[in-house]
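Colleague: For reference, the structure I am asking about is given below.
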Amino acid sequence: MTDSIIGKISIFQIIESLQEALSHFSGQSRVAVIYADRPDSSLRIYDPHSLLRGHEPRLTEIYLTSDTWRDNNQQVRNLRHFSQPLPEPGLNLAGLISIGGRSSSIFYQMWFTEHHPDMCATGPTERWLERAVWLLAQDVVRNDADYTGESSYVIREYAPHAVRDCLVDELTRRIGMDIQLRIYPILDAVLGISRTMEEGLWPRGELVFMEPRTVSFLKFLARFPLNERPDLKKFKHVRKLLQAVEGSDRKLISDGNKIVGIAGSELSMVRLVADFRGGHGFLKLGDDPICSFSDGNFYSFTRRAKMVELEEVLLEAHFDPPHQAHDLFQTIADIVHYAEGQKFGCTLVIDMNPEPIQIAGQHLETPLDLRDPVILSLTKSLAKLDGALHISADLHIHGFACILDGRAVAAEDRSRGARFNSALRFTAEHERILVVVVSADRPVSVIKGGVKLTAGYDWSVPSARLTSPPLLSDWVQG
């Protein structure tokens, strides 16, 4: 049981490994678990970084004022020691992903982690949590310290398997039959092709994988003879063929083993798509992104700026009417995402003063309303010019190519460029000014009061491991 030394070690190691792995896959991620050894046991919680703080009322309602969570006792008794745990659906807590399970060795487990706002999909992360359920249950059964170290290794190296398991589950659900596509070779090919340059350029275009039994139903623009179809393993050859579909609606079609031919844009059947976009790309099921890939690895990122810090500041500003904060955030995000897509850096000054301040630069005779799509499109182009855009809280642009100056501040970073450090200096001298800095090679920075804002939480490591995770009832009381 988890009150044994091996059980405690396994919980600690799996959580540490899971946090490390998910932080690499999705950005800094916390993990927590709630569990009960036996049907009559009290629930315990291990939450080393306070992921579940703020959810006490809901957890109390689910676990402490009701015993509904103890259901399925008879089904658990019928399980053999080494059988797959019974899945337990997540709790649908705001901002969290959760998956649980029941087994003969641990009656109940529920694992939690962050639901980051820039995730392509939650499926791969859910598969990761399912693996944690299974590994903890097996570690407790084996009661061998050697296996706890093995579980940590499995968790850390699980990224491609999480993506594969998610794809298999989704394809099976959508097709409704056993799939013939072999996912592991496809994932290897996608990463291999993504790392292969042609005449100094990274791949672009869509490579579509179809179930072999459905390929014959496609309407091809060009189809290769059966004995001349390029092998998917020949990354260089496939990379060359992608040039035929780059910058068009055409798709390169594969049956998961060979390149079958080239088809047009109308593909109504279920399909797995590798969308290459230069230095990165996305794996999609149909039009639904599952994950992104770059630098030889898979990630959950949409690769679009989250700007959680900006959203938090605007929400705290008490706009009247309230929807103005949302409109302003969406407008700024639209400009930022355009800059990211076009791969240029820019600076946006968000002026929260009742009367916008004067900033040196190119002024406009009349401020322009960014709610007009034509004006917003023009503003995106103006963002390419050296200097900053000057945008007021009422969604008007007052100037562009603006120069931000000010006295030196302690938070300056010599590893960052003039755009970033000028924003630090300028906001240090103007209390009601926010600056968003978009760098071509770094995450988006939101700056206020001479410092870069950081959303999130205290990621400090606990000073010492708990000898035993506390009872949930005690934890809820603080």
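No value in this document is a laboratory result; all are computed from the given coordinates. These figures come from a predicted structure and were not determined experimentally. Ideal geometry is used to build each Cβ from the backbone, glycine not excepted, and the neighbour counts take in all protein chains shown.
Colleague: List the aspartates and glutamates whose Cα lies under 16 Å from the Cα of Lys240, skipping any in the same chain that are fewer than 8 positions away.
Modeller: Leaving aside aspartates and glutamates fewer than 8 places away in the same chain, those within reach of Lys240 are Glu198, Glu199, Glu206, Glu228, Asp231, Asp275.
Colleague: Structure shown: which of Lys384/Lys448; Lys219/Lys258; Lys251/Lys284 lie over 19 Å apart, alpha-carbon to alpha-carbon?
Modeller: Lys384/Lys448
Colleague: Could you let me know the centre-to-centre spacing of region 334-406 and region 22-73, using Cα atoms, in angstrom?
Modeller: Rounded to whole Å, the Cα centres lie 45 Å apart.
Colleague: How much length is gained on full extension from Tyr153 to Val451, taking 0.36 nm per residue of separation minus their Cα-Cα distance?
Modeller: 103.4 nm
Colleague: Let me ask something else. Could you work out [θ]222 nm for the chain from helices alone, using -39500 (n - 2.57) per DSSP H run of at least four and dividing by all its residues? Round to the nearest 500 deg cm²/dmol.
Modeller: -10000 deg cm²/dmol
Colleague: How many angstrom lie between the C-alpha centres of region 149-169 and region 271-322?
Modeller: Rounded to whole Å, the Cα centres lie 22 Å apart.
Colleague: What is the log10 of I(q)/I(0) for region 180-299, computed with the Debye formula using one identical point scatterer on each Cα and no solvent, at q = 0.13, 0.14, 0.16 Å⁻¹?
Modeller: Values, matching the q order: -0.43, -0.50, -0.67.
Colleague: Follow-up. For Lys452, list the aspartates and glutamates whose Cα falls under 19 Å from its own Cα; do not include residues on the same chain fewer than 8 positions away.
Modeller: Cross-link targets: Glu309, Glu311, Glu312, Glu316, Asp351, Asp405, Glu412, Asp413, Glu429, Glu431, Asp441.
Colleague: So how strong a dipole does region 388-455 carry about its Cα centre when Lys and Arg Cβ are +1 and Asp and Glu Cβ are -1, to the nearest 20 debye?
Modeller: In debye, rounded to 20, region 388-455 gives about 180.
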